[in-house]
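What follows is a short report on a single structure.
The values are calculated or read from the model by the stated rules, or taken from the named source; none is laboratory data. If you're wondering where the values come from, they're calculated on a predicted model, not measured in any experiment. All Cβ positions, even for glycine, are placed from backbone atoms using ideal geometry, and neighbour counts span all protein chains on display. What goes into the accessible areas is simple: the full protein's heavy atoms, side chains included, and nothing from ligands, DNA or RNA. Shrake-Rupley method; radii C 1.70, N 1.55, O 1.52, S 1.80 Å.
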Amino acid sequence: MRRQHGTGHTGANRERQGARRTRACTWAALLATGALALTACGGGGDKEDPPAAGASASPRVSLPQLTGEKLEVAAVWTGPEQANFTKVLKEFEKRTGASVTFVPAQDPIVTFLGTKIAGGQPPDVALLPQVGALVSAVQNKWAQPVGPEARAELEKNYSQGWKALGAVDGTQYGVYYKAANKSLVWYNAKAFEAAGVQPPKTWKDLVAAADTLSASGTPAVSVAGADGWTLTDWFENVYLSQAGPEKYDKLAKHEIKWTDDSVKQALTTLGELFGRKDYLAGGQSGALATEFPKSVTQTFTGGDRPAAAMVFEGDFVAVNIAQTEAKVGKDALVFPFPAVGSGKAPVVSGGDVAVALKASKGAQALLTFLASADAAEIQAREGGFISPNKSVDPAAYPNDIQRGIAKALIAAGDDFRFDMSDQAPAAFGGTPGAGEWKDLQDFLANPSDVAGAQAKLEADAAKAFGN
């Protein structure tokens with residue numbers, strides 16, 4: 001999943017979005033008892049479990065006939081993720097008679113959509129990968145409110161927290177079709193076994209495991225440093241666990257500065273891993289040249305001598321593992337991002353919200369479908385996908401690991417923290433080669449310069465937030 005970002009909110013909107021997010025992290029405990037327990041499970045490869053119960057069941061959502069209508073859907077998804085979503089669109093075509101074209105969006109998506117809209121060719125529906133992009137779409141008067149049929153599906157299938165994330169100023173504009181748990185570390189079972197390493201529960205244990213793995217001849221971690229967004233996720237998990245949720249919320253809104261001592265502590269902690277060339281696949285320079293898909297595939301190829309033993313990122317990593325011969329639940333296992341210091345294990349969430357950009361019957365029908373369990377179960381069966389839709393049959397997920405992650409998400413209800421950089425203005429939290437992405441890449445290149453990294457981050461944040 002290539003996570004993108006849109007433009008930032010005004011101060012008032014940041015406050016409203018902050019109020020929509022809950023203040024607890026109980027998902028961490030749920031994940032610890034769910035996904036962590038699954039690391040010992042054998043089998044469970046992506047294609048090995050039985051088909052989902054109800055896979056061929058009668059449709060649970062009513063859709064209009066749209067014969068002859070043509071729709072365009074834009075999203076930043078590529079590769080297997082795009083292919084899996086296309087299967088959802090094919091089912092929509094089958095049920096409605098409409099013709100749907102997937103439009104690959106470019107980075108950042110708000111700029112891409114602005115160009116399309118200025119040219120008079122907006123897509124009918126766009127999947128926006130963060131809160132700020134939705135707010136921006138509403139402020140720019142691009143977004144259409146969700147119609148009554150889609151609202152009915154939302155009421156039936158979603159918790160209040162996910163509905164609220166799709167609303168702006170009390171009006172529902174979006175349907176959160178996809179969620180992500182970005183607090184997972186995936187590991188090569190053979191590499192761990194060869195080194196005699198167990199999944200760590202704390203950051204201290206993680207560093208010790210990295211030392212043992214690297215000494216055994218397999219670099220500990222594959223870091224996708226070429227994609228700055230992955231580095232923001234590394235920072236956010238360390239910061240949330242170490243500094244706590246209140247500081248996290250304040251830094252997300254730039255109510256405290258990036259020169260704060262809490263940021264210094266988090267970067268110093270991250271430097272314990274990033275600062276050791278032997279811990280990283282290819283060292284710092286190799287990490288900076290590694291894009292996200294490769295960071296995953298090189299961890300799960302090469303038998304018991306892969307390029308690295310671990311790779312950090314969300315549940316969507318499973319999509320890329322599926323491009324290798326490794327089987328999730330057997331060769332590829334997972335543990336929650338470890339707790340840092342005395343803090344709780346962090347849980348950072350993201351998501352993609354579907355928004356209608358045209359006032360058409362077809363656009364509203366597609367939102368209705370995407371808010372249904374029928375749509376979500378199609379992509380769930382393909383792996384690498386988690387839905388916030390509580391009506392999705394857990395049997396739709398292809399293995400025990402993904403079932404556990406999905407059940408933890410639903411059981412957590414409204415208790416989650418949304419990705420920090422997804423809440424920031426695009427100039428800071430969502431632009432390749434600039435802002436936080438570039439500053440953290442520079443930090444990866446020179447992890448000893450914590451003060452320099454803080455100064456750059458603060459200067460860029462102040463400029464983007466306007467304070």
Checklist entry - Does Leu357 satisfy the condition of being under 19 Å from Gly166 (Cβ atoms), open to solvent by less than 10 Å² (accessible area, probe 1.4 Å) and in contact (Cβ under 8 Å) with a residue 60 or more places away in the chain? => result no
Checklist entry - Any residue in the stretch 154-164 that is out of contact with any Lys or Arg (no Cβ under 8 Å at 6 or more places or on another chain) and either among the small types (Gly, Ala, Ser) or more than 26 Å from Leu409 (Cβ to Cβ) (or both)? => result no
Checklist entry - Pairs, please: C-beta under 7 Å, at least 6 apart or cross-chain, first residue open to solvent by 70 Å² or more (accessible area, probe 1.4 Å) and in the stretch 271-285, second of a type in the set (A, V, I, L, M, F, W, C)? => result Glu272/Val207
Next on the checklist: I'd like the full set of residues that are at negative phi and open to solvent by 10 Å² or more (accessible area, probe 1.4 Å), limited to the stretch 334-353.
Outcome noted: Pro336, Ala339, Ser342, Gly343, Lys344, Ala345
Next on the checklist: Please go through the stretch 419-446 and give me each residue that is more than 22 Å from Thr268 (Cβ to Cβ) and assigned to a helix (DSSP H, G or I), ordered by number.
Outcome noted: Asp422, Gln423, Ala426, Ala427
Item to check | Residues located in the stretch 447-467, provided they are assigned to a helix (DSSP H, G or I), open to solvent by 60 Å² or more (accessible area, probe 1.4 Å) and under 19 Å from Thr269 (Cβ atoms) | outcome: Ala451, Lys456
Next on the checklist: So Thr259 ticks every box in (1) among the polar types (S, T, N, Q); (2) in contact (Cβ under 8 Å) with a residue 40 or more places away in the chain; (3) part of a helix (DSSP H, G or I) but one. Which box is left unticked?
Outcome noted: (3)
Next on the checklist: Within the stretch 384-394, does at least one residue satisfy the condition of being open to solvent by 10 Å² or more (accessible area, probe 1.4 Å), in contact (Cβ under 8 Å) with a residue 60 or more places away in the chain and part of a helix (DSSP H, G or I)?
Outcome noted: no
Checklist entry - What single numbered condition from (1) open to solvent by less than 50 Å² (accessible area, probe 1.4 Å); (2) more than 25 Å from Ile386 (Cα to Cα); (3) over 25 Å from the mean Cα position of the chain (by Cα); (4) not basic (Lys, Arg) fails to hold for Gln198? => result (1)
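Can you find a residue in the stretch 139-149 that is in contact with a Ser or Thr (Cβ under 6 Å, 6 or more places away or on another chain) and more than 14 Å from Leu357 (Cβ to Cβ)? I'd like the intermediate steps shown before the answer.
Kept after step one, since they are in contact with a Ser or Thr (Cβ under 6 Å, 6 or more places away or on another chain), are these residues of the stretch 139-149: 145, 149.
In the following step, the residues that additionally are more than 14 Å from Leu357 (Cβ to Cβ) were identified as 149.
Within the stretch 139-149 (the criterion being in contact with a Ser or Thr (Cβ under 6 Å, 6 or more places away or on another chain) and more than 14 Å from Leu357 (Cβ to Cβ)), the answer is yes, since at least one residue qualifies.
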Checklist entry - Hey, among the residues in the stretch 211-225 that are crowded, with 24+ Cβ neighbours inside 10 Å and within 10 Å of Tyr279 (Cβ to Cβ), which one's farthest from the chain's Cα centre (by Cα)? => result Leu213
Next on the checklist: Condition first: open to solvent by 30 Å² or more (accessible area, probe 1.4 Å) and hydroxyl-bearing (Ser, Thr, Tyr). Now tell me which residues in the stretch 69-103 satisfy that.
Outcome noted: Thr78, Thr86, Ser99, Thr101
Item to check | Odd one out for Phe102 among (1) in contact with a helix residue (DSSP H, G or I) (Cβ under 8 Å, 6 or more places away or on another chain); (2) touching a residue at least 60 places away in the same chain (Cβ under 8 Å); (3) not in a loop (DSSP other than H, G, I, E, B) | outcome: (2)
